[in-house]
Amino acid sequence: MKKRITILMAMMLLLGTFMVNHYIKITYHMNIIEYFAGNHQLTQADREYLENHGPIIYGSGNNSPPLYFVDSETEQYKGIVIDYLQALSIELETEILYQPMTWAQALQKLETGETHLCDMYPSEERAKKYLFSDPIYFQRGVILVSGENKDINRAKDLAGRRVGVQKGDYAHEFLESQSDDIHYVFSEHYEESLRRLLEGQVDAIVGDEPVISYLMEEYRIKEAYRIVDEPMYELPSVLGIPKDKPELKRIINKGIFSLNQTDTVSKIQQKWFGISTPIGRDDQVHRMGLFLLTGGALGFMILGTVVIWNLELNRAVHQRTKALQLSEKNLQTIMDGLRYMVVVVNKQLHIVTANQQFHQYFGNRLKDQGVNLKEVIPDLPSSMNGELAPDLQTAEILLKGRDYQINACPIKYGPHMEEATVLIMEDITDRKIHEAQLLQDHKMAAIGQLAAGVAHEIRNPLGLIRNYTFIMQRSKGEKAILEEALHRINDSVEKASKVIDNLLNFYRLTDEATHSVNLKEMIEDVVELNGKLMENHHISCQLILKEIEIETCEESLKHILINLLNNAIDAMPEGGKITIALKEKKDKVQIRVIDKGYGMSEETQEKIFNPFFTTKRRGQGTGLGCYIVYNELVKLKGEIEVTSKEKVGTTVVISLTKAEGDSYEK
Ligand code: ADP
Ligand code: MG
């Protein structure tokens, strides 16, 4: 990732450099890469080349003051460019010969190789004939018109006019590209053009600004003539070199580079013009510097931004990755810390990941990746087998003799957010045992209550038996007495054993078998068992019963009734009446337990089925009664409805289905 970005950055930098270079090449006719990368010292090979080459001949116009011109007094060839070339000659330790001629001849001789140097504007047309050195200075091409001429203000205005221009001058090439409707009047040199303007033979003359300015000064026409405000162009001046001399070009460029270091152009122009001048390397250097500075700054800004952005991005990615890794690790730790087995499977039920508990439990069978869950849990409930439902599902299964509750929940898993399911498996064996234990405890407590009432009933027949054995001992074998006594004893034994049977019925763990139950008899039994308890609390019990038999689990139903009756008794500490009604309603059977006790608030009603919820004092309530009622009813597929009002009483309605066979769920 980092490597790729570095490569990208390097590519951008390279591209940027090439773009800047290309721009400079187009605009300033200079190869900046060569400029900076090149070796600027003359090598031995360069010196040998110059030696073998012989004197370098510079040929140029003879009348373009102040650039190059032949002084009419001294017949000397001089000018800014000549001075510059002299400096170049010293720099290159090579003789340069100067040949003044007309501009047109200068261009032609350079092409044929008779001369070797001539300063000029680089143009596409000229590039076909010459090589160009790096730029020496910048100058502008301008238009000179009479002060009275107000119509010519830019190059476009020259259309249809007579324009004086030096033969071969770049100004001509430039105007050709602008308009094909100009009447050119060619001359050998600038001065000839100017004279034509002064004589009114042309409407304007065009050419290099320094030359035109210089001539205006010479001819003292600054008042009567004006250079139009908008220059035609502003371009670098370079040295043209014959096409077949690329080595010379390279060497000349080295010289130009050295002269730039010592600011030679600006020194020369100071000599000619004083401080402020229209031409010069100074200006160019300044513009070039400005351009490079702006370009460089821009480049660095972009590069800097890219680098910072990249670093920032890198840092953020790094941080996020770390956070993600950490949270993933944390998640795994949490998952491993759970006492549940957690496993994630994909749509085909292949195991994607699992926690430590799961691995420990299934061990070797999970060695291979992507084991199917059905292979390790063959008893997986059909609802979780195959296409998993999109919502939470719960099921109970038996694994190696222990009960497990499975909660399955759909999730999106992995980097591609694939549909998956997380299964959480909880060993609920102990909970189930504990629940059964609690139920048993509660039953024991209920029996404790019952026992108090029941003891009385057993003591009665026992007393009778003792009395009649005593009578038998005293009977002296009298048959009638013996028979009567045996009959009574028999009766009493039967009564006592019935009471004991009844009691034992409650002591047994819930017998889950269903059979035909006579509801009327069952209710009467329960009420009878609780008779003593109600009597103690001054409670009477009204029974409105019908002969109804249904297929159900008698044990469960008895528990339900006992608990409801106990709650009704508890609700009437001052005594009162409880009504138990048995009714048929379509395919349903309803048992109503109605008391006129203290009733319940709405808040209490909402909570009564929660295990251990009680409003009673410690030792009096366990909070398990209604919970048991509810659980037993679920088993019987029954329903419960509680209506209660504080200080008025409570009615509990239990509905059971009559239909045979499906009234009990295992
Ligand atoms: P416990 O009887 O041990 O408190 P239960 O689960 O049987 O536990 O009852 C929970 C609570 O519901 C009771 O504490 C009581 O507040 C309320 N309750 C149940 N049945 C009645 C009723 N018939 N009348 C008034 N309150 C009742
Ligand atoms: Mg209770």
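The values are calculated or read from the model by the stated rules, or taken from the named source; none is laboratory data. What you see is a predicted model, and the numbers here were worked out from it, not measured in a lab. Every residue, glycine as well, gets a Cβ built from its backbone with ideal geometry; the counts of neighbours run over all protein chains shown. In case anyone asks, the SASA skips ligands and DNA or RNA and just uses the protein heavy atoms, side chains included. Shrake-Rupley method; radii C 1.70, N 1.55, O 1.52, S 1.80 Å.
Below are the figures for this structure:
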{"quantity": "Of residues in segment 631-648 being away from ligand 2 (no atom under 16 Å from the Cβ) and not in a loop (DSSP other than H, G, I, E, B), the one nearest to Glu551 (Cα to Cα)", "calculated": "Lys635"}
{"quantity": "Test: residue in segment 156-172 that is farther than 26 Å from Lys109 by Cβ, open to solvent by 50 Å² or more (accessible area, probe 1.4 Å) and not in a strand (DSSP E or B)", "calculated": "yes"}
{"quantity": "Residues (aliphatic (A, V, I, L, M) and under 17 Å from Tyr627 (Cα atoms)) located in segment 637-660", "calculated": "Ile640, Val642, Val652, Val653, Ile654"}
{"quantity": "Leu557 within 16 Å of ligand 1 (Cβ to nearest atom) and out of contact with any strand residue (DSSP E or B) (no Cβ under 6 Å at 6 or more places or on another chain)", "calculated": "no"}
{"quantity": "Any chance Val653 is of a type outside the set (Phe, Trp, Tyr), part of a strand (DSSP E or B) and more than 56 Å from the chain's Cα centre (by Cα)", "calculated": "yes"}
{"quantity": "Odd one out for Ile628, checked against (1) open to solvent by less than 50 Å² (accessible area, probe 1.4 Å); (2) away from ligand 2 (no atom under 12 Å from the Cβ)", "calculated": "(2)"}
{"quantity": "Set Thr102, Thr112, Thr94: member being at pLDDT below 95 and in contact with a helix residue (DSSP H, G or I) (Cβ under 6 Å, 6 or more places away or on another chain)", "calculated": "Thr94"}
{"quantity": "Single match in Lys637, Lys616 (criterion: near ligand 1 (Cβ under 10 Å from one of its atoms), open to solvent by 30 Å² or more (accessible area, probe 1.4 Å) and of a type in the set (Lys, Arg))", "calculated": "Lys616"}
{"quantity": "Hits in segment 101-149 (condition: among the basic types (Lys, Arg) and either open to solvent by less than 30 Å² (accessible area, probe 1.4 Å) or assigned to a loop (DSSP other than H, G, I, E, B) (or both))", "calculated": "Arg126, Lys128, Lys129"}
{"quantity": "Among (1) within 16 Å of ligand 2 (Cβ to nearest atom); (2) more than 19 Å from Thr651 (Cβ to Cβ); (3) open to solvent by less than 20 Å² (accessible area, probe 1.4 Å), the one test that Val593 misses", "calculated": "(2)"}
{"quantity": "Selected residue [modelled with pLDDT of 85 or more, crowded, with 16+ Cβ neighbours inside 10 Å and among the β-branched types (Val, Ile, Thr)] from Ile481, Ile465", "calculated": "Ile465"}
{"quantity": "Cβ pairs under 6 Å, 6+ apart, first in segment 603-616 and within 12 Å of ligand 2 (Cβ to nearest atom), second open to solvent by 60 Å² or more (accessible area, probe 1.4 Å)", "calculated": "Phe609/Tyr630; Phe613/Lys607"}
{"quantity": "Residue in segment 565-586 that is within 19 Å of Leu636 (Cα to Cα), away from ligand 1 (no atom under 14 Å from the Cβ), within 60 Å of the chain's Cα centre (by Cα) and of a type outside the set (Asp, Glu) present", "calculated": "no"}
{"quantity": "When residues of segment 371-388 are limited to those that are open to solvent by 30 Å² or more (accessible area, probe 1.4 Å) and not acidic (Asp, Glu), the one modelled with the lowest pLDDT", "calculated": "Leu388"}
{"quantity": "Given (1) at negative phi; (2) touching a residue at least 40 places away in the same chain (Cβ under 8 Å); (3) within 9 Å of ligand 1 (Cβ to nearest atom), index of the condition Gly599 fails", "calculated": "(1)"}
{"quantity": "Members of segment 106-146 that are more than 22 Å from Pro65 (Cβ to Cβ) and small (Gly, Ala, Ser)", "calculated": "Gly113, Ser123, Ala127, Ser133"}
{"quantity": "Residue list for segment 545-572, restricted to those being among the acidic types (Asp, Glu) and either outside the structural domain of Tyr598 (by TED's automatic domain parsing) or more than 12 Å from ligand 2 (Cβ to nearest atom) (or both)", "calculated": "Glu547, Glu549, Glu551, Glu554, Glu555"}
{"quantity": "Residues satisfying the stated conditions in segment 536-562, i.e. basic (Lys, Arg) and under 15 Å from Lys658 (Cβ atoms)", "calculated": "Lys546"}
{"quantity": "Inter-residue pairs, beta-carbon under 9 Å, first part of a helix (DSSP H, G or I) and in segment 203-219, second surrounded by fewer than 24 Cβ atoms within 10 Å (Cβ to Cβ) and small (Gly, Ala, Ser), 6+ apart", "calculated": "Glu209/Gly141"}
{"quantity": "Some residue of segment 68-86 being of a type in the set (D, E, K, R), closer than 20 Å to Thr264 by Cβ and assigned to a loop (DSSP other than H, G, I, E, B)", "calculated": "no"}
